[in-house]
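Student: Supplied in structure tokens, the structure appears directly below.
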Amino acid sequence: SSGLGRPSLVRLSSTITRTLSSLVVLESGSPSYSVLTAASKVGGPISVLLAGSKASAEALEVAKVDGVAKVLTAPSAEYDHSLPEKFAPLVVENVKRGSYTHVFAPASAFGKNVVPRAAAILDVQQISDITAVQSADTFVRPIYAGNVIATVKSKDPIKFITVRTSAFPDPAISTSSAPIEDAVDPSVNSQTTFVSEELTKTERPDLGSAKRVVSGGRGLKDKESFDKIIYPLADALGAAVGASRAAVDSGFADNSLQVGQTGKVVAPDLYLAVGISGAIQHLAGMKDSKTIVAINKDADAPIFEIADIGLVADLFDAIPELTDKINKL
Ligand code: FAD
């Protein structure tokens, strides 16, 4: 013995350079393939983990995505609804078996629920909501509602990462298919059981992934005007509807439509802000949109500072006129 004492297991594992490989955990029902693009920036083979009663069918699709080396499925109904108490041990057991160096999941309700628990079981720290991969250990992530961009380096032997899906493009679909294998299924007994869920049903494009979004703010005055002004414009553009927190708090729109720091983060090709002042907490949810159009009667509203196209006008005149013109195109 050297007399220096044995290095701890943690030190050993972090000093040995392991071959890079990633496990991408996707949500059954709405798999965000752009997480695979983030994982591909690290290098090394990518395995995908899918669980739940639809996993086997979904695996056939995921296996065709470019860059996927293998799909692991745990097709048990136990994983429907992604209860984190069951899902986190599933992730951990598969990370152990595959000796993955990186675990990626979307920074969605699903990823935010499962990944921190899995990381905690393995006593490593999560790296949250990344928008870029600089190297295998260095990542970029917005903090303070997007006002500061932090570059963080992790020394953890396994990196658990949630990905801001709007920051990465979808990968291409390949002509070949990756193999599909059984995941390790620890079938953990949990005291938590799924009781029920209430989902908001809508025929409209999904706010999180829509190419166009029309959002309304407090300037709409009441729910009736919100419905009468915002929805026809959204229909004319084939757009999803969003709202500021003031509009949600005032009961003009459903909570699920809130865009911003405490709502959804969107980055569509076109974002129309109608009667929204442009508070920093709202900007945090939409400022990465490709083209931002603002309609506000106050020429000094901060939203105009980030808008590509601004119209100083009363929305009650301008929006019906705009909707009419679009419908006539
Ligand atoms: P206001 O700021 O009241 O703006 C209304 C705008 O409408 C004004 O600019 C006005 O000029 C314009 N207007 C009025 N009448 C007309 C008209 N006839 N024609 C044209 N324009 C008109 N906010 C979010 O949106 N999302 C979040 O996720 C969020 N999270 C938050 C988290 C925290 C911790 C805190 C403290 C705040 C958060 N907020 C969030 C709230 C945020 O600070 C603002 O209060 C909110 O965004 C304001 O919404 P608004 O722009 O609709 O309303």
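The values are calculated or read from the model by the stated rules, or taken from the named source; none is laboratory data. Source: prediction; values computed, not measured. Reconstructed Cβ throughout: ideal geometry from the backbone, glycine too, with neighbour counts over all protein chains shown. To get the accessible areas, we keep the full protein, side chains included, count just its heavy atoms, and leave off ligands, DNA and RNA. Shrake-Rupley method; radii C 1.70, N 1.55, O 1.52, S 1.80 Å.
Student: I'd like the distance separating the alpha-carbon centroids of region 20-66 and region 254-280, in whole Å.
Tutor: 28 Å
Student: So, for region 37-111, what is the accessible surface per residue at a probe of 1.4 Å, expressed in square angstrom?
Tutor: Working: 2500 Å² over 75 residues.
Here the residues of region 37-111 average 33 Å² of exposed surface.
Student: Moving on to the next point. Would you mind checking region 249-269 for residues with the amide N under 13 Å from a putative spin-label position 7 Å along Cα→C-beta of residue 223?
Tutor: Inside the label zone: 249-255.
Student: Enter the Cα centre distance for the pair region 79-134 and region 151-166, rounded to the nearest angstrom.
Tutor: If we compute the Cα centre of each part, the gap is 11 Å.
Student: Select from 186, 142, 125 the residue farthest towards the positive end of the dipole of region 125-189; place +1 on Cβ of Lys and Arg, -1 on Cβ of Asp and Glu, and compute about the Cα centre.
Tutor: So the residue furthest toward the plus end is 142.
Student: Report the GluC sites (Glu not before Pro) located in region 119-207 that are in a DSSP loop and have at most 15 other Cβ atoms inside 10 Å of their Cβ, or state none.
Tutor: On the way: sites: 181, 197, 198, 203; in loops: 197, 198, 203.
For GluC sites (Glu not before Pro) across region 119-207 that sit outside H, G, I, E and B with at most 15 neighbouring Cβ atoms in 10 Å, the list reads 197, 198, 203.
Student: Ok, one more. Treating each Cα of region 159-288 as an identical point scatterer and ignoring solvent, apply the Debye formula and state log10 I(q)/I(0) at q = 0.14 Å⁻¹.
Tutor: So the normalised log intensities work out to -0.74.
Student: Can you list residues from other chains, or at least 5 along the same chain, whose modelled amide H is less than 5 Å from the amide H of residue 51?
Tutor: 28, 74
Student: What stretch of the chain, leaving out the sites themselves, is the longest with no chymotrypsin sites (Phe, Trp or Tyr not before Pro) in a DSSP loop having at most 15 other Cβ atoms within 10 Å?
Tutor: After excluding every exposed loop site, the longest remaining stretch is 1-143.
Student: Just to check, using Stokes-Einstein with a Kirkwood Rh over alpha carbon pairs, what's the diffusion coefficient of region 38-142 at 20 °C and 1.002 mPa s in µm²/s?
Tutor: Working: Rh = 14.5 Å.
Value of D from the Cα-based Kirkwood radius: 148 µm²/s.
Student: Between residue 177 and residue 329, what is the label-point separation in nm under the 7 Å Cα-to-beta-carbon projection?
Tutor: Once both label points are built, they end up 4.0 nm from each other.
Student: Right, here's the next one. For region 125-232, state which trypsin sites (Lys or Arg not before Pro) are in a DSSP loop and have at most 16 other beta carbons lying within 10 Å of their beta carbon.
Tutor: 155, 201, 211, 221
Student: Taking the Cα atoms of the chain, report the difference between the largest and smallest coordinate on each principal axis, in whole Å and largest first.
Tutor: Here the Cα extents, ordered largest to smallest, are 81, 43, 43 Å.
Student: Relative contact order (percent) for the chain, with alpha-carbon contacts under 8 angstrom and 6 or more residues of separation? Before the final figure, lay out each step's value.
Tutor: Details: 672 pairs, mean separation 45.4, N = 329.
Averaging sequence separation for qualifying contacts and normalising by length gives 14 percent for the chain.
Student: Compute the relative contact order of region 42-128 as a whole-number percentage, counting only Cα pairs closer than 8 Å that sit 6 or more residues apart in sequence.
Tutor: Values: 92 pairs, mean separation 20.9, N = 87.
Relative contact order of region 42-128: 24 percent.
Student: Restricting to the chain, compute how many DSSP beta bridges are antiparallel as a %, nearest 5. It would help to have the intermediate numbers written out before the result.
Tutor: On the way: 10 of 54 bridges.
Antiparallel bridges make up about 20 percent of those DSSP assigns within the chain.
Student: Can you run phi through the Karplus equation (6.51, -1.76, 1.60; θ = phi - 60°) for region 43-50 and list ³J(HN,Hα) in whole Hz, with x for Gly and Pro?
Tutor: With coefficients 6.51, -1.76 and 1.60, one gets x, x, x, 10, 9, 10, 10, 10 Hz.
Student: Take the alpha carbon atoms of region 170-246, find their radius of gyration, then divide it by 2.2 N^0.38 Å using N residues; give the quotient.
Tutor: 1.80
Student: Oh, and also: Subtract the Cα-Cα distance of residue 195 and residue 235 from 0.36 nm times their separation in residues, and report this length gain in nm to one decimal.
Tutor: Values: separation 40, 0.36 × 40 = 14.40 nm, distance 3.51 nm.
Here the answer is 10.9 nm.
Student: Quick one: helix 315-328 against the long Cα principal axis of the chain, what's the angle to the nearest 10°, folded into 0 to 90?
Tutor: 80 degrees
Student: What's the carbon and sulfur percent of the chain's accessible surface, probe 1.4 angstrom, rounded to a whole number?
Tutor: The computed percentage sits at 51.
Student: Among 148, 140, 163, which one shows the biggest mean-square fluctuation in a GNM of the chain, springs joining Cα atoms closer than 10 Å?
Tutor: In the Gaussian network model the winner is 148.
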